[in-house]
Amino acid sequence: RDSQQAETEHLSRWKRWRRTSSKSLKKALSEVRGLSSYLVLWRRDIHSIEGKFGTGIQSYFSFLRFLVLLNFIIFILVFSFVILPIIISKYGIFNSTIAYISPKNIDKNCTIYEPSGNKGLVYFYTYLKDLFSGTGFLEVTSLFYGYYTIDTVWISVMRYNLPLAYLLATFAYLALSFLWIMKRSGEGFMQNLVHDADPFQSYCNKVFAGWDFCITDPNAAQLKHRSLQYELQMDLQEEKLKQKIAERTMKEKLRIYSLRIFINIIVIAILSGCFYAIYRVTVFSQGNSNVSIRNDTRTDSPNLFMQYLPSMVITLVNFNGPLIFAFLIRYEDYAPALEIKLTLMRCVFVRLANIGVLLFSLWGQISNCDTDKCKPCGYNYKLYPCWESDVGREMYKLMIFDFLVILAVPLFVDFPRRLLVTHCSCKLIQWFGQKEFQISDNVLEIIYGQTICWIGTFFSPLLPAIATIKYFIIFYVKKVILIHTCKPAARPIRASSSNFFFLGMLLIGLILAFIPLGVSIARIPSSKACGPFRNFNTSWEVIPDTVLQFPTALQQILFGMASEAFAVPFFMIICIIMFYVIALARAHKRVVEQLREQLVLESHDKMFLIRKIAEAQR
């Protein structure tokens with residue numbers, strides 16, 4: 001500091017002012033960062049959970065906070081580019097107007113759409129039923145796709161292309177989700193890579209750096225002791241299993257592989273049965289509920305049950321599937337870590353595949369044209385005059401029913417179980433004990449809900465707002481469950497890799513969401529009676545139609561980029577870059593291995609010198 005002050009005496013006034021202002025700016029920025037940390041959502045709650053239960057459970061609540069922020073940003077994006085222009089134009093703000101373009105060269109029957117809104121005197125329970133089913137008064141609101149039957153919004157003299165904005169907003173929220181997940185998972189991937197790189201390093205990390213210094217609660221400290229003991233036991237079991245595998249005879253290998261093949265055949269059969277049940281239930285539900293809705297006989301409660309039947313079956317499969325998989329995998333003789341990962345992967349697959357089966361069942365009904373009358377439209381316009389709103393309604397019901405189940409399980413299962421365990425000394429009840437807070441099961445719940453949100457936002461633009469409120473409430477529900485009714489799992493997921501695992505599963509859900517959205521946008525004919533794409537054969541056609549309005553030079557550039565002459569060289573360059581990066585990674589890996597060998601040699605040299613010094617002293 002004295003040397004810096006001596007240097008500043010010889011500087012000019014301008015340089016001294018710049019140095020002083022730079023220091024002041026850095027200090028101000030650091031204070032702003034410190035103050036902004038207090039604005040982080042649930043900062044104190046998550047720190048409290050981390051102190052009582054450790055970083056493993058804290059990572060789940062941090063992941064839940066990430067999804068709340070992600071859905072809120074998606075809602076802001078969709079609201080700004082799709083909903084807000086319509087609100088501005090309807091109220092005439094900024095001298096704005098709405099333009100409608102009637103479909104041309106289309107059969108008049110395809111353009112008939114009469115939403116089943118409530119008319120006349122309506123009972124209160126009807127509003128409740130509509131709220132849960134997405135019909136009635138909700139069908140004519142901005143919640144669903146059919147509300148946005150607008151082609152152009154004129155704001156003063158500026159033309160706003162709503163169909164293009166609707167499609168680009170869909171691409172934007174998918175790209176935003178993908179980039180945000182990749183950014184957050186990068187650091188976790190590096191930690192996971194380092195953790196799995198060397199078993200000896202893993203042992204050193206557990207012994208010398210395994211303690212979680214954020215823990216302040218004695219019970220949590222005891223739990224952390226058991227967790228570290230469990231991890232060391234699991235590593236020793238894996239080493240024993242590796243030794244056992246190396247000593248297996250050919251007869252034992254044939255027996256184990258045959259048993260694994262048989263169990264996997266059983267798993268495939270169970271999955272096929274679940275998917276077929278979802279398909280049949282969806283066809284049955286759609287056939288009955290759509291007929292009653294179109295005939296205006298939807299006021300009875302059995303119809304509400306019929307509409308929720310696919311959601312109930314999917315929830316039943318999601319609940320029973322993991323229990324069956326956890327029972328079967330015990331006989332496959334895998335390592336403990338691989339056993340947990342394989343079970344979780346099967347659970348993720350069955351949850352996400354159920355959504356896909358539901359959607360493809362719906363598309364089968366939508367595209368089913370048994371008569372020649374519906375062929376001019378390209379879809380079954382009699383049952384689905386606005387099929388996008390029907391798909392949005394199914395996604396809405398899935399999200400609502402999933403939320404109700406998450407609320408009902410603590411209320412009717414967890415709290416009574418805790419009361420029985422606390423106040424009843426029956427051996428059977430004490431054997432069941434207090435429920436464990438399983439991080440993986442809770443993460444699968446919210447990944448399932450987030451995948452529904454990603455798929456459903458195209459058909460129901462306000463679904464991200466519902467998901468934001470849903471996860472906001474779930475945070476407090478899970479916090480109450482954790483503190484008052486559950487105990488942390490005795491066999492938790494390793495905290496070092498939990499964040500990467502959560503984001504990896506979420507990325508799988510996002511990639512699977514691309515498939516049904518891509519089919520809906522590019523393959524299935526868009527509804528001609530509702531929505532912003534009623535003047536296009538498919539939703540994707542708005543892109544080439546917009547490109548044709550560009551100047552000729554720009555059109556040639558864009559069409560050239562979309563041609564094979566550009567795609568093939570571009571793909572080859574990407575492959576060359578990828579091979580270069582792989583070769584570079586292999587070279588770096590060899591360098592790391594050489595450095596490790598060098599460290600081992602240096603340790604041997606040190607031991608040799610210590611022995612020589614000891615001999616010389618003697």
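The values are calculated or read from the model by the stated rules, or taken from the named source; none is laboratory data. Bear in mind that the values here come from a model prediction, so they are computed numbers and not experimental data. Neighbour counts run over all protein chains shown; Cβ positions are idealised from the backbone, glycine included. For the accessible areas, the whole protein counts, side chains as well, though only heavy atoms, and no ligand, DNA or RNA atoms are used. Shrake-Rupley method; radii C 1.70, N 1.55, O 1.52, S 1.80 Å.
The table for this structure:
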quantity: Of all residues making up the stretch 560-587, the number that are over 30 Å from VAL547 (Cα atoms) and under 33 Å from the mean Cα position of the chain (by Cα); calculated: 11
quantity: Looking only at the stretch 283-323, and only at residues there that are surrounded by fewer than 17 Cβ atoms within 10 Å (Cβ to Cβ) and among the β-branched types (Val, Ile, Thr), the one that is modelled with the highest pLDDT; calculated: VAL283
quantity: Test: SER520 is in contact (Cβ under 8 Å) with a residue 40 or more places away in the chain, of a type outside the set (D, E, K, R) and not in a helix (DSSP H, G or I); calculated: no
quantity: PHE514 open to solvent by 60 Å² or more (accessible area, probe 1.4 Å), assigned by the TED database to the domain that holds SER59 and among the hydrophobic types (A, V, I, L, M, F, W, C); calculated: yes
quantity: Residue check for LEU362: part of a helix (DSSP H, G or I), closer than 30 Å to ASP130 by Cβ, touching a helix residue (DSSP H, G or I) at 6+ places or on another chain (Cβ under 7 Å) and modelled with pLDDT under 80; calculated: no
quantity: Cross-chain or 6+ apart pairs with Cβ under 6 Å, the stretch 441-456 first and closer than 15 Å to LEU70 by Cα, then at pLDDT 90 or above and not in a helix (DSSP H, G or I); calculated: none
quantity: Qualifying residue in the stretch 388-396 (condition: hydrophobic (A, V, I, L, M, F, W, C), closer than 26 Å to ILE521 by Cβ and modelled with pLDDT of 75 or more); calculated: yes
quantity: Close pairs (6 angstrom Cβ cut-off, 6 or more residues apart or separate chains): farther than 20 Å from LEU164 by Cα in the stretch 547-568, open to solvent by 90 Å² or more (accessible area, probe 1.4 Å) and outside any helix (DSSP H, G or I) anywhere; calculated: none
quantity: Condition check for LEU254: open to solvent by 60 Å² or more (accessible area, probe 1.4 Å), modelled with pLDDT of 85 or more and of a type in the set (A, V, I, L, M); calculated: yes
quantity: Which numbered condition TYR100 fails, given (1) within 22 Å of ARG534 (Cα to Cα); (2) at pLDDT 75 or above; calculated: (2)
quantity: Complete set of residues in the stretch 140-170 that are open to solvent by 40 Å² or more (accessible area, probe 1.4 Å) and over 17 Å from GLY531 (Cβ atoms); calculated: TRP154, SER156, VAL157, MET158, ARG159
quantity: Conditions (1) over 30 Å from THR149 (Cα atoms); (2) hydrophobic (A, V, I, L, M, F, W, C); (3) open to solvent by less than 80 Å² (accessible area, probe 1.4 Å); number of the one not met by VAL547; calculated: (1)
quantity: Any hit, the stretch 199-222, residues being over 30 Å from ILE49 (Cβ atoms) and exposed (fewer than 15 other Cβ atoms within 10 Å of the Cβ); calculated: yes
quantity: Candidates PHE415, PHE403, PHE432, PHE437, filtered to the one that is in contact with a Lys or Arg (Cβ under 8 Å, 6 or more places away or on another chain) and modelled with pLDDT of 80 or more; calculated: PHE403
quantity: Odd one out for LYS382, checked against (1) open to solvent by 50 Å² or more (accessible area, probe 1.4 Å); (2) assigned to a helix (DSSP H, G or I); (3) more than 25 Å from CYS453 (Cα to Cα); calculated: (2)
quantity: Residue among LEU599, LEU595 that alone is out of contact with any Cys (no Cβ under 8 Å at 6 or more places or on another chain), at pLDDT 85 or above and open to solvent by 70 Å² or more (accessible area, probe 1.4 Å); calculated: LEU595
quantity: Pairs, first at positive phi in the stretch 151-171, second in a strand (DSSP E or B), C-beta under 8 Å, six or more apart; calculated: SER156/SER96
quantity: The stretch 467-487, residues that are within 14 Å of PHE75 (Cα to Cα) and open to solvent by 50 Å² or more (accessible area, probe 1.4 Å); calculated: ILE469
quantity: Test: residue in the stretch 385-397 that is in contact (Cβ under 8 Å) with a residue 60 or more places away in the chain, out of contact with any strand residue (DSSP E or B) (no Cβ under 8 Å at 6 or more places or on another chain) and open to solvent by 30 Å² or more (accessible area, probe 1.4 Å); calculated: no
quantity: Of residues in the stretch 173-198 being open to solvent by less than 40 Å² (accessible area, probe 1.4 Å) and more than 23 Å from GLN229 (Cα to Cα), the one modelled with the lowest pLDDT; calculated: GLY188
quantity: Qualifying residue in the stretch 59-79 (condition: out of contact with any helix residue (DSSP H, G or I) (no Cβ under 6 Å at 6 or more places or on another chain), modelled with pLDDT of 75 or more and of a type in the set (Val, Ile, Thr)); calculated: yes
